[in-house]
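Single-structure report; data block below.
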Amino acid sequence: MSENNEFLNVQELKIGMLIKRDVIKNGSLLISEGSIVNEELITRLNKAYFLEKIEVNVSKEVIAQSTKEAEMQKMEKTFKEISAGLKELFINLDKADGDKINDLRAFSEKIQKELKSTEVVISTVVFKGSGEDYIYRHGVNVAILSALLGNWIGLEQSKINLLIYSALLHDFGITKLDEKVPEKPDILIEEKYKGTMKHAKIGYRHVDSIPDLDKSVSYGVLMHHEREDGSGYPLAITGEKIHCFAKIIAIADELDVMNSDEAYKNERGPFEILEIIKEKSLNKLDYEYSKVFLEHISNYYMGEDVLLSTGEKAKILQVNMNDLSRPLILKDGDFIDLSKNKNIYIKELILN
């Protein structure tokens, strides 16, 4: 392991660093040489008001993690800015003035610029969801996931741009509903609040009226709740009748909704959500698109730390596509195949 020695203040310490010298204050030993920095150690130093610099060894792994955290914070700021801009676009969508296609193009360019750091995108969007912003940040997340899937299935660049426009606007109709509905994702409340289902047609009418905008954008908005078996809405169409943008957005929409609802996520865990996408690909979601999506997304779970049902921590080594919720993990130096050990399951991802 390649290491670098540095002298850092307490607030600069990162979990995983190695203390290189005894930390002493007023003749008393606070931390022994060779200790690994963890949350308890940092708390102890803060309580002791230790102000001097501490000599530590910083491994490449710790540096990489710190860099990833900084990149995630920067990316999160960008996505919040795009979400705020999307809210402004929604407000102005009915107005005659303004170049809405240029606005959409600018959002698309920002999103695609961030997609160059796919690992950080996955950590920021897929692992964390859109929080309580079920319209604008959700729209941004769905656009990001749709763009990723569009790239993975080989869509040409011009179609990727249009797909992002459609995904950004897919839930615009919700902001125009007459019926007051709870601020929850549409997928989770549509059975109870039937009026929610009107949003696809409402959104379609508004988006379709944008001058010079390609029809594929409004088709994606109209059909993103259609399902392969005809059980969707508003047209109840099946299979090939559903526009490919809508098929892609449907997968991205389902994943972000499940990842963003804390109660839903806590009840099922991160891998159960992938299993649900896989199960729905048998009759609800496009099978081939779902297969490609899961194969790519699952790769980014490898190397992530997880909390087990036993309360212990482990690291994901390999994801089994035939049993997504039960990967191969490493715990305390031991390899554990969860597909063969049914008494343990993954409770949650440990995210920084």
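What follows is calculated from the coordinates using simple rules that are stated; it is not laboratory data. Keep in mind that what you see is a predicted model, and the values were worked out from it rather than measured. Virtual Cβ from ideal backbone geometry, glycine too; neighbours counted across all protein chains shown.
Things to note:
- Between the range 127-179 and the range 15-94, the C-alpha centres lie 31 angstrom from each other.
- Inter-label distance, residue 315 to residue 238: 4.9 nm, where each label sits 7 Å from its Cα along the C-beta direction.
- With a Förster radius of 51 Å applied to the C-beta separation of residue 6 and residue 201, the computed FRET efficiency comes to 0.30.
- Helix 244-260 and the long axis of the chain differ in direction by around 40°, with both axes built from C-alpha atoms.
- Based on DSSP H segments of at least four residues, each scored -39500 (n - 2.57), the chain has a per-residue ellipticity at 222 nm of -14500 deg cm²/dmol.
- Helix 199-208 axis, angle to the chain major axis (alpha carbon atoms, nearest 10°): 70 degrees
- C-alpha long axis of helix 270-280 to longest principal axis of the chain, angle in °: 30 degrees
- When the P(r) is computed for the chain, the part past 32 Å accounts for 40% of the Cα-Cα pairs.
- Rounded FRET efficiency, nearest 0.05, which uses the C-beta distance separating residue 268 from residue 209 and R0 of 41 Å: 0.55
- Surface/4 of the Cα convex hull for the range 251-352, nm²: 6.5 nm²
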